Amino acid sequence: METRETLSKRAKRIRHHIIEMLGHAKSGHPGGSLDLAEIMSVLYFHEMKYDFNDPAWPERDYFVLSKGHAAPALYATFCEGGLIDEEELFTLRRLGSRLQGHPDRKKLPGVEASTGSLGQGFSIAGGIALSLKLRQKENRVYAVVGDGELDEGIIWEAAMAAANYKLDNLCAIVDHNGLQIDGANDDVMCLGDIGAKFEAFGFEVFHVDGHDIDALIEVFAKAKAVTGRPTAVIAKTVKGKGISFMENQVGWHGTPMKEEDYLKAKAELEG
Amino acid sequence: MEKIATREAYGNALAAIGKENEKIVVLDADLSKSTKTSVFAKACPERFFDMGIAESNMAGTAAGLAIGGNTVFMSSFAMFAVGRCYEIIRNSICYPKLNVKIAATHAGITVGEDGGSHQSIEDIALTRVLPNMEVFVPADGVETAKMVQYMAANEGPMYLRLGRSGQPVLFDESYEFIPGKFTVMRDGGDVALFACGLMVGEALKAAETLHEEGISAAVVNASSLKPLDEATTVAYAQKCGAIVTAEEHSVIGGLGAAIAQCLVRQRPCPVEFVGVEDRFGQSGRPDELLAAYGLTAAHIVEKAKAAMARK
């Protein structure tokens, strides 16, 4: 278990890796990757049972990035943990790379589920949780779901099943940045009260500031203590967090960075 | 003649294997009494999960269970098991090559009275086109059981296409199923009839009729659609010089398409297709529908003569 200061430094480096990767790839999704830095740092370096030297460790907790387009956040975290080296980050989205545009479990050890087609990762996470329950294992499953991704019907099918099978080893983390490709969530497809929806489906729901390391540590501890039902952590985030000109800008969902944007972003992170 | 529906044979085989193999987990979407996964559910209740009327999540859950180390069978009617879940099967099962077996019942038009909305005539095409997927269509109950044994014992995504109605038993227990191998049911030298599923029985009847008319027809049970038995296909094109394919599926993308593609590449010869001609099904009794849609022994005889005339 690492201190708040260490986790904060890790989050900063994760953000840095994301900008490096996307700056070199000249394609990919900056906004929804950057906003996960603190969540990834707290999950992988504090909350989860995980050994970066042995990503197939049978006792590990599982992480599924259901919003697969935030793959750079996952690769950056793997780099921070030593699972991949910095050089490899520059292969993102290139022919032959293990770092596919969306995570591919066949190519990169550590990726639990191949995701990218929205909604499916959460359903898969439920299946992993069910498999663990069946074997009476204690491992937990964490799934990061985008708020726009909640438009997908399969999310709610999976939510219903998770409650039905009492998957208290499953924790959904909703990356609630309020934006999706075509605009603000509620302008595209009104989400209503996300917490109330999960609660109605049988989840124990928590709300947290997705950039507050202490609050994240605390909320995951609370979620872990819940028995008999799955949990949902609604994490309020700022899309593009950490880069001033990207924050809360819908345009930075999947826009490639130009050289000048990359240099500016890098300067901000290093400043 | 003894008859058993392939779905019955599936449920029985699954229950028998499930008792021996603790890794096997079965999912259904509120149709277990019809798909016969209920037999497994009774034998191994702790490893059966009803996912409710939510096929998409059944497919995603199957992927997750496979990641967790289970051998997963998921069942529903072919229309929903393949059609409803298609993109999840593609991206979450085949793309990562997970150990999920999709066993779909009520395939084809012999679903009968439920009508066109429930008659899947596209599922072979849809599954065959997916990389990493193996596709099998058993001709009877014995072959179904052998296929289930193979599927349970081997890794990777597989599709098993099963029917609703009783089918004559064609094989005895000595039959061995090998993927990528067809079975020659009857030899012949003038025309070769490649059939799958319940059309194998029709092809055998057609061969008898042709024999009475002095035409020697071979009948091949083409139950392994992917991998395809290219060697046998080419050998019979060589030997007979005329081929007929017969399937309870659209003529687009199914067995006929697979055989034709193989032959065009390796040994071109006239091929005629018996199948559903680019149209949807409708309500009716299975036998009425087979006649109305041109899926009978008589139609195979007609096409055999047409193929021979083109030699």
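Per residue, how large is the accessible surface of the range B:183-309? Use a 1.4 angstrom probe and give square angstrom.
That works out to 38 Å² for each residue.
At a probe radius of 1.4 Å, what is the per-residue accessible area of residue B:95, in Å² to the nearest 10?
Probe radius 1.4 Å; accessible area of residue B:95 about 90 Å².
Reported to two decimal places, what Rg/Rh ratio describes chain A when computed on Cα atoms with Rh from the Kirkwood expression?
Reported Rg/Rh (Cα atoms, Kirkwood Rh): 0.94.
Which log10 I(q)/I(0) values, to two decimals, does the range B:3-168 give at q = 0.16, 0.17 Å⁻¹ under the Debye formula with one point per Cα?
Summing over Cα pairs of the range B:3-168 leads to -0.80, -0.92.
Stick to the Cα atoms of the range B:199-243, pair each with every other, and give me the Kirkwood hydrodynamic radius in Å at one decimal.
11.5 Å
Kindly express, to the nearest 10 degrees and within the range 0 to 90, the angle between helix A:120-134's C-alpha long axis and the longest C-alpha principal axis of chain A.
40 degrees
Determine the dipole magnitude for the range A:4-270: charges of +1 sit on the beta-carbon of Lys and Arg, -1 on that of Asp and Glu, nothing else is charged, the reference point is the Cα centre, and the result goes in debye to the nearest 20.
The calculated dipole for the range A:4-270 is roughly 680 debye.
In debye, nearest 20, what is the charge dipole magnitude of the protein assembly as shown about its Cα centre with +1 on Lys and Arg Cβ and -1 on Asp and Glu Cβ, if you could check?
Approximately 860 debye in magnitude.
Can you give the log10 of the normalised intensity I(q)/I(0) at q = 0.17, 0.23 Å⁻¹, computed with Debye over equal Cα scatterers of the range A:125-227?
Taken in order of the listed q values, log10 I(q)/I(0) reads -0.83, -1.34.
Applying the Karplus parametrisation 6.51 cos²θ - 1.76 cosθ + 1.60 with θ = phi - 60° to the phi angles of the range A:256-264, what ³J(HN,Hα) value in whole Hz is obtained for each residue in order, glycine and proline being reported as x?
Along the range A:256-264, the couplings run x, 7, 7, 3, 5, 5, 4, 5, 5 Hz.
Beta carbons within 10 angstrom, averaged per residue: use that to sort the peptides B:225-237, A:218-230, B:159-171, highest first.
Result, highest mean first: B:159-171, B:225-237, A:218-230.
When the Karplus curve 6.51 cos²θ - 1.76 cosθ + 1.60 is applied with θ = phi - 60°, which whole-Hz ³J(HN,Hα) does each residue of the range B:291-298 get, with x for Gly and Pro?
5, 5, 9, x, 10, 10, 4, 4
Summarise the partner chain shielding of B:95-107 as one whole number: the mean count of Cβ atoms from other chains within 10 Å of each residue's Cβ.
Mean partner-chain Cβ count within 10 Å for B:95-107: 2.
When the helix-only estimate is applied to the protein assembly as shown (DSSP H runs of n ≥ 4, each -39,500 (n - 2.57), divided by the residue count), what is the mean residue ellipticity at 222 nm, nearest 500 deg cm²/dmol?
Result for the protein assembly as shown: -11500 deg cm²/dmol, rounded to the nearest 500.
For peptide A:163-169, what's the mean number of Cβ atoms from other chains within 10 Å of each residue's Cβ?
Whole-number average of other-chain Cβ neighbours for A:163-169 is 1.
Non-local amide H neighbours of residue A:234 (under 5 Å, H modeled in plane, Pro and chain starts lacking H): which ones?
Excluding prolines and chain starts, which carry no amide H, the hits are A:174, A:206, A:207, A:208.
Kirkwood hydrodynamic radius, computed over distinct alpha-carbon pairs, for the range A:102-185: how many Å, to one decimal?
Radius from the Kirkwood sum: 13.6 Å.
Which order do peptides B:134-145, A:11-22, B:264-275 fall in by mean Cβ count within 10 Å, highest first?
Output ranking for B:134-145, A:11-22, B:264-275: B:134-145, A:11-22, B:264-275.
With θ set to phi - 60°, apply the Karplus curve 6.51 cos²θ - 1.76 cosθ + 1.60 along the range A:216-225 and write out the HN-Hα couplings as whole Hz, x wherever there is a Gly or Pro.
So the Karplus estimates, Gly and Pro as x, are 5, 4, 5, 5, 5, 5, 5, 4, 5, 7 Hz.
Kindly state, to the nearest 0.05, the FRET efficiency for residue A:151 paired with residue B:154, given R0 = 56 Å and r defined as their beta-carbon distance.
Plugging the Cβ-Cβ distance into 1/(1 + (r/R0)^6) gives 0.90.
Could you check the spin-label model distance between residue B:19 and residue A:263? Points 7 Å from the Cα along Cα→Cβ, value in nm.
7.5 nm
Compute and list, largest first, the equivalent-ellipsoid semi-axes of the range B:127-202 from the alpha carbon gyration tensor, each √(5λ) rounded to a whole angstrom.
Working through the eigenvalues yields semi-axes of 22, 15, 13 Å.
Using only the heavy atoms of the protein chains and a 1.4 Å probe, how would A:57, A:252 rank by accessible area, largest first?
A:57, A:252
How many nm is it between the label spots at residue A:245 and residue A:27, if each spot is 7 Å from the Cα in line with the beta carbon?
With each label placed 7 Å out from Cα toward Cβ, I get 2.3 nm.
Accessible area of residue A:151, 1.4 Å probe, to the nearest 10 Å²?
70 Å²
Obtain the radius of gyration and the Kirkwood radius of the range B:243-309 from its C-alpha atoms and give Rg over Rh.
Reported Rg/Rh (Cα atoms, Kirkwood Rh): 1.01.
Pull up all non-local amide H partners of residue A:177: gap of 5 or more, or a different chain, and H-to-H distance under 5 Å with H placed in the peptide plane.
Those qualifying (amide H under 5 Å, at least 5 residues apart or on another chain) are A:147, A:237.
Take the eigenvalues of the Cα gyration tensor for the protein assembly as shown, scale each by 5, and report the square roots as semi-axes in whole Å, largest first.
Semi-axes (√(5λ), whole Å): 51, 25, 20.
How many partner chain Cβ atoms sit within 10 Å of a residue's Cβ in peptide B:32-43, on average, as a whole number?
0
In the protein assembly as shown, with Lys and Arg counted as +1 and Asp and Glu as -1 at Cβ, which of these residues, A:181, B:138, A:115, has the Cα nearest the positive end of the dipole, that is, farthest along it?
About the Cα centre, the residue reaching furthest to the positive side is B:138.
Please list, or write none, the lysines whose alpha carbon is within less than 24 Å of the alpha carbon of residue A:49, excluding same-chain residues fewer than 8 places away.
Excluding near neighbours in sequence, the set is A:9, A:12, A:67, A:106, A:107, A:133, A:137, A:166, A:222, A:224.
Only bridges whose two residues both fall in the protein assembly as shown count here: according to DSSP, what percent of them are antiparallel, nearest 5?
Once the DSSP bridges in the protein assembly as shown are tallied, antiparallel ones form about 15 percent.
With a 1.4 Å probe and every protein chain left in place, tell me how much accessible area residue A:80 has, in Å² to the nearest 10.
30 Å²
Calculate how many DSSP beta bridges within the range B:3-168 are antiparallel, expressed in % of all such bridges and rounded to the nearest 5.
10 percent
Considering just Cα atoms, how many Å³ per residue does the convex hull of the range B:183-309 enclose?
Hull volume over Cα atoms, normalised by residue count, gives 93 Å³.
Between residue A:106 and residue A:136, what is 0.36 nm times their sequence separation minus the Cα-Cα distance? Round to one decimal in nm.
8.1 nm
Tilt of helix A:153-164 relative to the longest C-alpha principal axis of chain A, in degrees (0 to 90, nearest 10)?
The angle comes out at about 40 degrees.
Does anyone have the angle between helix B:141-153 and the longest principal axis of chain B? Alpha-carbon axes, 0 to 90°, nearest 10?
That works out to roughly 50 degrees.
Considering the Cα trace of the range B:98-230, what is its radius of gyration and what is Dmax, both in angstroms?
15.3, 50
Sorted by mean Cβ packing within 10 Å, highest first, what order do the peptides A:184-195, A:36-47 take?
Output ranking for A:184-195, A:36-47: A:36-47, A:184-195.
Rank these by accessible area, largest first, 1.4 Å probe: B:129, B:200.
Descending accessible area places them as B:129, B:200.
Ignoring any ligand, DNA or RNA, what whole percent of the accessible area of the range A:4-270 comes from carbon and sulfur when the probe is 1.4 angstrom?
Here it works out to 50 percent.
Work out the charge dipole of the range B:183-309 with +1 on the Cβ of Lys and Arg and -1 on the Cβ of Asp and Glu about the Cα centre, then indicate which of B:197, B:309, B:262 is farthest towards its positive end.
Farthest towards the positive end: B:262.
Apply the Kirkwood formula to chain B: the hydrodynamic radius equals the inverse of the mean of 1/r over all pairs of different alpha-carbon atoms; give it in Å with one decimal.
19.2 Å
When ligands, DNA and RNA are left out and all protein chains stay put, how many square angstrom of accessible area per residue does the range B:3-168 have with a 1.4 Å probe?
30 Å²
Give me the accessible area buried between chains B and A, both sides summed, with a 1.4 Å probe, in Å² rounded to the nearest 100.
In total, this chain pair buries about 2000 Å².
Counting heavy atoms of the protein chains only and a 1.4 Å probe, report the per residue accessible area for chain A as a whole number of Å².
Per-residue value: 39 Å².
The values are calculated or read from the model by the stated rules, or taken from the named source; none is laboratory data. Worth saying up front: this structure is predicted, and the values here are computed from it rather than measured. Heads up, the Cβs are rebuilt from the backbone with ideal geometry, glycines too, and the neighbour counts pull from every protein chain shown. The area values use the complete protein model at the heavy-atom level, side chains included, leaving out ligands, DNA and RNA. Shrake-Rupley method; radii C 1.70, N 1.55, O 1.52, S 1.80 Å.
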